[in-house]
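Below is one structure, written out as structure tokens; comments come after it.
The values are calculated or read from the model by the stated rules, or taken from the named source; none is laboratory data. Treat the numbers as computed from the prediction; the structure is a model and nothing was measured. Here the Cβ is made from the backbone with ideal geometry for all residues, glycine too, and neighbour counts use every protein chain on show.
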Amino acid sequence: MKIGVVINGALCEREAPENITLLHFLREYAGLIGTKEGCGGGECGACTVLLDGRAVNSCLVLAAEVDGKSVRTIEGEMRDGEPSELQQAFAKRHAVQCGFCTPGVVMSARALIERNPKPSVEEIKEGLEGNFCRCTGYVQIIEAVLEATGQPASMQELSHA
Amino acid sequence: MLETANSETLRQIGRSPVRHDVADKLTGAALYVSDMILPGMLYAQVKKSPHARAKIRRIDVSRAKRLPGVRAILTGHDLDYRLGLYVVDKDILAKNEIRHFGEAVAAVAADTLAIAHEAVELIEVDYEILTPILNHMDALAPGAPLVHPDLASYDFVEAAFSPQPGTNIANLTKCRKGDVEKGFAEAEWIVEREYTNPSVQHVPMETHVAIAQWKSGDRVDIWTSAQSPFTVRDLFCHTFKLPLNNVRVVIPNVGGGFGGKAGIHLEPLVACLSRKAGGRPVKFQATREEEFSLLPCRSALTYRIKTGVLADGRIVAQKMEMFWDAGAYADYAVNVTRATGYSAAGPYEIPNAWVDAYTVYTNKPYGTAYRGFGHVEFFWGLERHMELVAQTIGMDPLEFRRKNLLKPGAITLTGEVITEHNGDVRKCLDSVANAIGYGALTPAEKAREARTGLKIGKGVATLHKAPAMPPFTATSVVVKMNSDGTVIANVGLTDIGQGSTTAFAQIAAERLRFPLNKVRVTIEKDTDRDPYDWQTVASKGLMLTGNALMLACADLLDKAYQTAAQALRADVCDLDHDGDKIFIVHRPEISVTFAQLSIGYSYPDGGAIGGPLIGVGRYTAQGLTNLDKGSGQGLPALDWTYGAHGIIVEVDPTTGAYHILKIASAYDVGKAINLESVRGQCIGGMVQGLGTALCEGYIYDQQGHLLNPSFTDNKIPTCKDLPDEIDCIIVETPQLDGPYGARGVGEHPMISVAPALGNAIRSATGAELTHMPIRSEDVWRAMNSKPPVETWITKTPVGSCRSLPVDR
Amino acid sequence: MLHSFTYLAPRTRAELHSVLANEGAAASLLAGGTDLLVNVRAGLARPKVVVDTKKVDDFAGIAWSEREGLVIRAGATINAVLDDAKIRSDYPLLVACARDLASHQIRNRATVVGNVVNASPCADMAPALLCLRAHAVIGSKSGEREIPFSAFFKGVKRTVVAPNEAVERIVVPAASAGARGGYYKLKRINGHDLGIVSVALSIERGGEMRLTVGSCAPTPVLIEGLDASLPADAVVAAVLAAISPISDVRATKEYRLHMVECYVRRLLDEVRS
């Protein structure tokens, strides 16, 4: 079937099978490999994108369902060719290690701060609960979101004995 | 090799510059093998056994073969290669016998993933189901069915390992120090207990994936998500008897490894499929479920410890028996056994010690390297045991540890003499004890208990680890100057997320005295282009490759100075440099820029001297030895990283539910190169250690089916599972032969989190936990002296909410 | 990997009923997809036709009227429940159950209707719906029928909904508004997990006390008709007598029984005080 979906502000029209997921569509039909598959079953959040402004696991959405809708992925996070406040904060606060969970985490964080511009640590945890990270242990990610939203951002610094 | 620059003059080391690899990861531009599509590429799928042990009577691939778009099918009998890092015991595809649930029986390469998937469903396999041997302690019993009846005929690395043919023992490592029976005779108390851990999975966010292309003339290109391109290449060539020059291995970004991507895994299979498909590239990516059972996990462990101690708290003797459940194949497990054998007593001085460590075969998914290389597993038992010994003799557990900690002059199990330069385990332990207010509860904590009805407890645990690596481990680095004076370093060590790329850029910038933005360390690894490094494992990369890098920088400067001396008509000894130029010390206005020297220096009349500036450095571990197979004596340790954790836990005495109020962790890192990267390892490792403690663990039924092959029932910590307060403390006792005094800390934060938690829970409630994971039900049972649940090989019915059907 | 199927997105009820009448068990309804797509990927469901209900007019949203009460239509997501002002003020038990359902991403897609139709014994929304006397409105070509949730669940992943039918909305009576209640869900970690056991308790304005226990029987179990002032021991006895937990990879029967008792006592304390 023909799928027409606005991705990161630009219309993307492709002929695609009915039995593929949005994740698969993004990666193999729209050429956007930033969104990753971590489990295929809606548990790990690596595939998180914004669908009509809401964070969803794209592995559990059929491409067919997004015809006529609007999707935002990590590739659309930059602002006028410059890193967004989230991207800058993630870099500065060392919230990225292997990077495989990162696109999903950033999109979840983006959705969070759009609905809650100054989230508390608890609210950040609620918003990012569905994103697994095996590398960072999450603290630097939480600090990055605090920093990106102009809030004091040190949960605990490294100290010398 | 240490550069003793003091902290005030260091400009790059000890700061936290933004990491160089993250910009692309944050925009989606970073490429992983998962993302790669090559021209003409085929997709592979694998037929997996639903049984834990079975004879393969017949495989019928005829219907699969006829499916349009299928380009290659392989079964075990098509491939006559054995694999095995240390004991060569594995076929690429099971030949006559299945040895674990999820084992690969056949593989297909097809034009699309959907066709490959359908083809696999069309392959028919006739099994004769056999009774599996699942429990490793049962596997040791005389007369137990043998997982590898032909063990006697397998090749193995004789220098290090001792398989026992006719049994299920893939290796037995012994370590003997002093006279343990004499020690027990002197002891006033003898305390014995057994501790256990299940298998767990690494859970890298990117599952294993590899692409291979077998071209004409037996030249093979491989792209893989792995922890070393050289290890993959070398093991691959060893298996297929190819010259190393024939094979090229490329590793772009890696979505996590944690030991599971060390060694070699999917590459031989995809390469054979490519060869069968006439040389088209073939890609196979494991699903998450396949990651849990087709790919290897971490061995389970039963650890029996018997300690003899004097009334004043000094340990006089300790007998340690480790029984490692390696699953169906030896892979890295035999080496985990060997490496933990010599480390098994922890950072304590034990005058008389006996270690017997067994690697046991069972019919389950097999164990491979995992962060900590056995230390997470055995420290659970060891640090719970230290607590028990202290309790038994009526001594405070912190005091007991302090009394027995290794001090300068102490002798390890292998006969190594510890010096003050190894690190300060006492400082680590004291730091965490202070940070959690170890000992009595504070008035605020008591008030909290009274208000909530919950019990608060505090516990500590120590840790240590040396890199588990060959004593001759080597690495090399090439540093090249571009014509504008910027520098690119080719480093063979793979960055799997730990931050080596940036740490090396900092080290190079520091050594060269260049601004950081003039230095780039390559991210993609390529055996054709990069100089040799062994592997990203063992927490040795920073030390060995950091040293090689510093030597390469020195070499580069040396060559630059040689040309500059000529250009400036000066002696090398009268020259110095800054970030842009080399100048005469006593006439600094006379100078030549690095850019001018970078690809040869040319005089005004056009003539040139010198040439492209390339620095080469290599570094090999110094002065280490193999371990004697009988006594376990030798010098295996490049360095020791010591550490400790302190935990404050709050436990609900009615339900067993608990919450960590605070965890303080300390490590003697020698010198922190990038502070936030060190913190990232500390917290990331601690949370992974928490996973092992809280909720991770493979569960099988009595037939050996893995009952939790997905995230539904194989949970890992989320951000909501963090302790309330997390303290990361570093001690910096310089490693004399480490770059700027640094030593590794990649694995260590995971070690001993679980026993610190177990000790804190005991302190809060009296509950004695000796097995893992520690779920609320486990705490409740221990508090109420109920028998623990036999979870790992469960007798209880699966029930209604199971994750996946047993199929295919 | 999903097998081949046809995707249909009917626009009207009539179209939907027609497709279901023709395809019956060969069709699967797709709302949030958070159960269906998991099952299709695992090979547990192999529909010939996937019928997306989200475009059916009148299937979206949550409405309230004094006459009917709270109407949660087929397309209403779990997060929509959490965001709804009326539900937050008057049906807090729905909020309590919704809040701990999976993760934020799942809650943006999963629907209340989908959760009950999937009919897992662990179904997160079932305890609130059973306590609050909700009923399902099931439509087909033959018309509509109303089934209270106390008669809706038949077994593990089985309900009274026939292959040619679809649950079109859930109605929670106006009389249940303002009921006091509480909910506990036992998980293995603080992060998202399905329920190992769950207990919901509500005390209606009229004074009847109702409890529902999840994950302790093939279906969620309702214990109704209890007097709100019944002593705790008697409540515990009534609840334990109604459930039949098993031991599985998640917990033992013994611990489940213990935790149900703990939760019942806690809820009685919290809600009755």
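Have a look at B:GLY372, B:GLY394, B:GLY346 and point out the one that is free of Cβ contacts under 8 Å to residues at least 60 places away in the same chain, small (Gly, Ala, Ser) and more than 30 Å from B:PRO145 (Cβ to Cβ).
Answer to the selection: B:GLY394.
Results for (1) within 30 Å of B:VAL479 (Cα to Cα); (2) over 22 Å from the mean Cα position of the chain (by Cα); (3) within 10 Å of another protein chain (Cβ to nearest Cβ), shown as yes or no for each residue.
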site: B:GLY611; (1), (2), (3): yes, yes, no
site: B:TRP640; (1), (2), (3): yes, no, no
site: B:GLU676; (1), (2), (3): yes, no, yes
site: B:GLN681; (1), (2), (3): yes, no, yes
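Is it fair to say B:LEU493 is at pLDDT 95 or above, among the aliphatic types (A, V, I, L, M) and part of a helix (DSSP H, G or I)? Write out each step before concluding.
Details: at pLDDT 95 or above: yes; among the aliphatic types (A, V, I, L, M): yes; part of a helix (DSSP H, G or I): no.
Spelling it out, it is not the case that B:LEU493 is at pLDDT 95 or above, among the aliphatic types (A, V, I, L, M) and part of a helix (DSSP H, G or I).
Per-residue answers, yes or no, for (1) more than 9 Å from chain A (Cβ to nearest Cβ); (2) more than 21 Å from A:PRO17 (Cβ to Cβ):
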site	(1), (2)
C:GLU23	yes, no
C:LEU37	no, no
C:ARG46	yes, no
C:ALA80	yes, yes
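May I ask you to say which residue of B:GLU194, B:GLU124, B:GLU181, B:GLU188 is in contact with a Leu (Cβ under 6 Å, 6 or more places away or on another chain) and away from chain A (no Cβ under 14 Å)? I'd like the intermediate steps shown before the answer.
Working: B:GLU194 fails: in contact with a Leu (Cβ under 6 Å, 6 or more places away or on another chain); B:GLU124 fails: in contact with a Leu (Cβ under 6 Å, 6 or more places away or on another chain); B:GLU181 fails: in contact with a Leu (Cβ under 6 Å, 6 or more places away or on another chain).
Testing whether each residue is in contact with a Leu (Cβ under 6 Å, 6 or more places away or on another chain) and away from chain A (no Cβ under 14 Å) leaves just B:GLU188.
Filter segment A:51-83 for residues that are in contact (Cβ under 8 Å) with a residue 40 or more places away in the chain, within 14 Å of chain B (Cβ to nearest Cβ) and closer than 22 Å to A:GLU129 by Cα and give the result.
Answer for segment A:51-83, where residues must be in contact (Cβ under 8 Å) with a residue 40 or more places away in the chain, within 14 Å of chain B (Cβ to nearest Cβ) and closer than 22 Å to A:GLU129 by Cα: A:ASN57, A:VAL71, A:ARG72, A:THR73, A:ILE74.
List every residue pair whose Cβ atoms lie under 7 Å apart, where the two residues are 6 or more positions apart in sequence or sit on different chains, the first residue falls within segment C:108-137 and is in the same structural domain as C:ILE223 (by TED's automatic domain parsing), and the second residue, located anywhere, is part of a loop (DSSP other than H, G, I, E, B) and of a type outside the set (D, E, K, R).
Filtered contacts from segment C:108-137: no entries.
When C:ARG180 is evaluated against the numbered criteria (1) more than 14 Å from chain B (Cβ to nearest Cβ); (2) surrounded by 18 or more Cβ atoms within 10 Å (Cβ to Cβ), which criterion, by number, is the only one it fails?
It fails just one condition, (2).
It is to be established whether one or more residues within segment C:42-50 are surrounded by fewer than 22 Cβ atoms within 10 Å (Cβ to Cβ) and closer than 26 Å to C:VAL213 by Cβ.
Looking through segment C:42-50, at least one residue is surrounded by fewer than 22 Cβ atoms within 10 Å (Cβ to Cβ) and closer than 26 Å to C:VAL213 by Cβ.
Could you list, in sequence order, all residues of segment B:403-429 that are part of a helix (DSSP H, G or I), buried (at least 21 other Cβ atoms within 10 Å of the Cβ) and within 12 Å of chain A (Cβ to nearest Cβ)?
Scanning segment B:403-429 gives B:VAL425, B:CYS428, B:LEU429.
Based on what the data block shows, is C:GLU204 under 17 Å from C:TYR91 (Cβ atoms), away from chain B (no Cβ under 11 Å), over 18 Å from the mean Cα position of the chain (by Cα) and acidic (Asp, Glu)? Steps first, please.
On the way: under 17 Å from C:TYR91 (Cβ atoms): yes; away from chain B (no Cβ under 11 Å): yes; over 18 Å from the mean Cα position of the chain (by Cα): yes; acidic (Asp, Glu): yes.
When the stated conditions are applied, C:GLU204 passes them.
Please verify whether C:ILE147 is surrounded by fewer than 22 Cβ atoms within 10 Å (Cβ to Cβ) and part of a loop (DSSP other than H, G, I, E, B), treating the condition exactly as stated.
no
If we keep just the residues of segment B:246-271 that are over 12 Å from A:CYS98 (Cβ atoms) and charged (D, E, K, R), which is nearest to the other protein chains (Cβ to nearest Cβ)?
B:GLU267
Of the residues B:ALA54, B:ALA5, which single one is at pLDDT 95 or above, more than 19 Å from A:LYS36 (Cβ to Cβ) and of a type in the set (Gly, Ala, Ser)?
B:ALA54 is the lone residue from the list that is at pLDDT 95 or above, more than 19 Å from A:LYS36 (Cβ to Cβ) and of a type in the set (Gly, Ala, Ser).
Filter segment B:59-97 down to the residues that are touching a residue at least 24 places away in the same chain (Cβ under 8 Å), small (Gly, Ala, Ser) and farther than 15 Å from B:HIS265 by Cβ and list them by number.
Those that are touching a residue at least 24 places away in the same chain (Cβ under 8 Å), small (Gly, Ala, Ser) and farther than 15 Å from B:HIS265 by Cβ: B:ALA64, B:GLY69, B:ALA72, B:GLY76, B:ALA94.
With (1) under 13 Å from the mean Cα position of the chain (by Cα); (2) crowded, with 24+ Cβ neighbours inside 10 Å; (3) part of a helix (DSSP H, G or I) as the list, and A:LEU112 as the residue in question, which single condition is left unmet?
Condition (2) is where A:LEU112 drops out.
Of the residues B:ARG587, B:ARG529, which is basic (Lys, Arg), surrounded by fewer than 17 Cβ atoms within 10 Å (Cβ to Cβ) and in contact (Cβ under 8 Å) with a residue 24 or more places away in the chain?
Details: B:ARG587 fails: in contact (Cβ under 8 Å) with a residue 24 or more places away in the chain.
Exactly one of B:ARG587, B:ARG529 is basic (Lys, Arg), surrounded by fewer than 17 Cβ atoms within 10 Å (Cβ to Cβ) and in contact (Cβ under 8 Å) with a residue 24 or more places away in the chain, namely B:ARG529.
Residues that are modelled with pLDDT of 95 or more and closer than 27 Å to C:GLY191 by Cβ: which strands (runs of 3 or more DSSP E) entirely in segment A:1-91 hold 1 or more of them?
In segment A:1-91, the matching strands (runs of 3 or more DSSP E) lie at A:48-51, A:54-57, A:70-72.
Suppose we filter B:LEU93, B:LEU26, B:LEU42 for residues that are away from chain A (no Cβ under 14 Å) and touching a helix residue (DSSP H, G or I) at 6+ places or on another chain (Cβ under 7 Å); which single one remains?
Numbers: B:LEU26 fails: away from chain A (no Cβ under 14 Å); B:LEU42 fails: touching a helix residue (DSSP H, G or I) at 6+ places or on another chain (Cβ under 7 Å).
Being away from chain A (no Cβ under 14 Å) and touching a helix residue (DSSP H, G or I) at 6+ places or on another chain (Cβ under 7 Å) holds for just one of B:LEU93, B:LEU26, B:LEU42, which is B:LEU93.
Residue-wise test of (1) among the small types (Gly, Ala, Ser); (2) within 18 Å of B:ALA657 (Cβ to Cβ); (3) in the same structural domain as C:GLU15 (by TED's automatic domain parsing).
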{"residue": "C:GLY225", "(1), (2), (3)": "yes, no, no"}
{"residue": "C:LEU230", "(1), (2), (3)": "no, no, no"}
{"residue": "C:LEU240", "(1), (2), (3)": "no, no, no"}
{"residue": "C:VAL264", "(1), (2), (3)": "no, yes, no"}
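Going by the conditions given, is A:VAL96 in a loop (DSSP other than H, G, I, E, B) and either at the interface with chain B (Cβ under 7 Å from one of its Cβ atoms) or surrounded by fewer than 23 Cβ atoms within 10 Å (Cβ to Cβ) (or both)?
When the stated conditions are applied, A:VAL96 passes them.
Working carefully through the options B:LYS55, B:LYS47, find the one that is touching a helix residue (DSSP H, G or I) at 6+ places or on another chain (Cβ under 9 Å), outside any loop (DSSP other than H, G, I, E, B) and under 21 Å from B:PRO132 (Cα atoms). Even if it seems obvious, please write down each step before you answer.
Working: B:LYS55 fails: touching a helix residue (DSSP H, G or I) at 6+ places or on another chain (Cβ under 9 Å).
Criteria check complete, one pass: B:LYS47.
Check B:ARG82, B:ARG53 and return the single one that is under 25 Å from B:ILE264 (Cβ atoms), of a type in the set (Lys, Arg) and surrounded by 21 or more Cβ atoms within 10 Å (Cβ to Cβ).
Among B:ARG82, B:ARG53, only B:ARG53 is under 25 Å from B:ILE264 (Cβ atoms), of a type in the set (Lys, Arg) and surrounded by 21 or more Cβ atoms within 10 Å (Cβ to Cβ).
Can you tell me how many residues within segment A:122-140 are within 14 Å of chain C (Cβ to nearest Cβ) and assigned to a helix (DSSP H, G or I)?
Looking only at that region, the number is 7.
Can you name the condition, by its number, that B:ALA271 falls short on among (1) without any contact (Cβ under 8 Å) to a residue 40 or more places away in the chain; (2) hydrophobic (A, V, I, L, M, F, W, C); (3) in a helix (DSSP H, G or I)?
In the conditions (1) without any contact (Cβ under 8 Å) to a residue 40 or more places away in the chain; (2) hydrophobic (A, V, I, L, M, F, W, C); (3) in a helix (DSSP H, G or I), B:ALA271 misses (1) alone.
Restricting to segment C:172-195, count the residues that are closer than 17 Å to C:TYR263 by Cα, assigned to a loop (DSSP other than H, G, I, E, B) and under 16 Å from the mean Cα position of the chain (by Cα).
2
Are any residues in segment B:430-442 surrounded by fewer than 22 Cβ atoms within 10 Å (Cβ to Cβ), of a type in the set (A, V, I, L, M) and part of a loop (DSSP other than H, G, I, E, B), and if so, which ones?
Listed by number, the residues that qualify are B:ALA440, B:LEU441.
Does segment B:156-177 contain at least one residue that is of a type in the set (Ser, Thr, Tyr) and part of a strand (DSSP E or B)?
Yes: segment B:156-177 contains one or more residues that are of a type in the set (Ser, Thr, Tyr) and part of a strand (DSSP E or B).
Evaluate the following for B:GLY634: is it farther than 30 Å from B:THR340 by Cβ and surrounded by fewer than 23 Cβ atoms within 10 Å (Cβ to Cβ)?
On the way: farther than 30 Å from B:THR340 by Cβ: no; surrounded by fewer than 23 Cβ atoms within 10 Å (Cβ to Cβ): yes.
So B:GLY634 fails the test.
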